[in-house]
C-alpha cells in the first residue's frame, strides 16, 4: 500500500473547506490531518502534525496565504485554491504545485494531485494565459498572442500580435513555465512561439517580419525540433 499524502486545508470559507474535504475523502492516497481558517491556526498545526500538502487559500483574515507561505522555512507542497486569478505569478514563484480557481471541480482537483508526484515542466490553470508584472500591475498575457520573447538582463520584452509588454522577469523563468510544445528557446536572448515561425534557415527564424537569430549552442536542438514538423 502506498503511503498516504497528509493534507491540511487552510480556507476561511466553510463551503470551500467542505468541498475540499469531500474531495480528499474520495481519493484513496490522501489523508486529511486538519482544517483551519487562517494562517495562525495553520502554523500551529504544522508545528504539531506532519503535513505533506497544504491546500491554501489566499484571501484570508490577518495574514494572506501567500505571505504565510513565503515565511515558512521548510514548507510542505502547496496547491493554491482561490477565487482570484491575480496572484498566479507570485504563487508559482513560491513553487506551488498548482493554482486552482474556485469553483474547483473534482476532475481539476485530481489533476492537481497527480502533479505532486509527476510535476510538469509548465504549470498552468486550464485557460491558456499567464499573468506577469508590468507597469506596476499584473498583466494578462494570452499565450496564443505571443510572437517571441526577448531577454534583456533582468527584464523581458514580450512581443505580442498587437503590442509589446515589458516585464521585470528573467527569460529563464519564462522558459521554465511556458509549455514546451508551444515555445522554444532558440538563443540565450530569445524564446519563440513555434506556431508563429514562418520560415527558417540554419542561422535564423522569421517571425512576422523579424529575423530571430539561432544561437550556436541551441542550433542542433532547434533544427531537430523544426525538422520533426516538416511534411
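One residue is enough: does segment 51-59 have a residue meeting the conditions part of a helix (DSSP H, G or I) and either at pLDDT 95 or above or surrounded by 15 or more Cβ atoms within 10 Å (Cβ to Cβ) (or both)? Scanning segment 51-59, I find no residue that is part of a helix (DSSP H, G or I) and either at pLDDT 95 or above or surrounded by 15 or more Cβ atoms within 10 Å (Cβ to Cβ) (or both), so the answer is no.
The requirement of being touching a helix residue (DSSP H, G or I) at 6+ places or on another chain (Cβ under 7 Å) and modelled with pLDDT under 85 is satisfied by residue 132. Quick check, is residue 69 assigned by TED's automatic domain parsing to the domain that holds residue 108, in a helix (DSSP H, G or I), closer than 21 Å to residue 105 by Cα and within 22 Å of the chain's Cα centre (by Cα)? No: the conditions fail for residue 69.
Selection of segment 83-108 for residues being under 24 Å from residue 168 (Cβ atoms) and part of a strand (DSSP E or B) yields only 99.
Taking residues in segment 137-149 that are on the phi > 0 side of the Ramachandran plot and at pLDDT 90 or above, and partners anywhere that are outside any strand (DSSP E or B) and surrounded by 19 or more Cβ atoms within 10 Å (Cβ to Cβ), not one pair has Cβ atoms closer than 8 Å while being at least 6 places apart or on different chains.
On the given criteria, is residue 81 under 17 Å from residue 98 (Cα atoms), in contact with a strand residue (DSSP E or B) (Cβ under 8 Å, 6 or more places away or on another chain) and in contact (Cβ under 8 Å) with a residue 24 or more places away in the chain? Taking the combined requirement at face value, the residue satisfies it. Filtering 58, 15, 40, 5 for residues that are free of Cβ contacts under 8 Å to residues at least 60 places away in the same chain and in contact with a strand residue (DSSP E or B) (Cβ under 9 Å, 6 or more places away or on another chain) leaves a single hit, 58.
The sole residue among 174, 223 that is in contact with a strand residue (DSSP E or B) (Cβ under 9 Å, 6 or more places away or on another chain), surrounded by 21 or more Cβ atoms within 10 Å (Cβ to Cβ), outside any strand (DSSP E or B) and at pLDDT below 95 is 174.
Going residue by residue through segment 185-207, is there one that turns out to be within 26 Å of residue 96 (Cα to Cα) and part of a loop (DSSP other than H, G, I, E, B)? Checked segment 185-207: no residue is within 26 Å of residue 96 (Cα to Cα) and part of a loop (DSSP other than H, G, I, E, B). Look at (1) surrounded by fewer than 18 Cβ atoms within 10 Å (Cβ to Cβ); (2) more than 14 Å from the chain's Cα centre (by Cα); (3) outside any helix (DSSP H, G or I) and you find that residue 180 fails only one, number (2).
The values are calculated or read from the model by the stated rules, or taken from the named source; none is laboratory data. All figures in this text were calculated on a predicted structure; none of them were measured in a lab. FYI the Cβ positions are ideal-geometry reconstructions off the backbone, even for glycines, and counts take in every protein chain you see.
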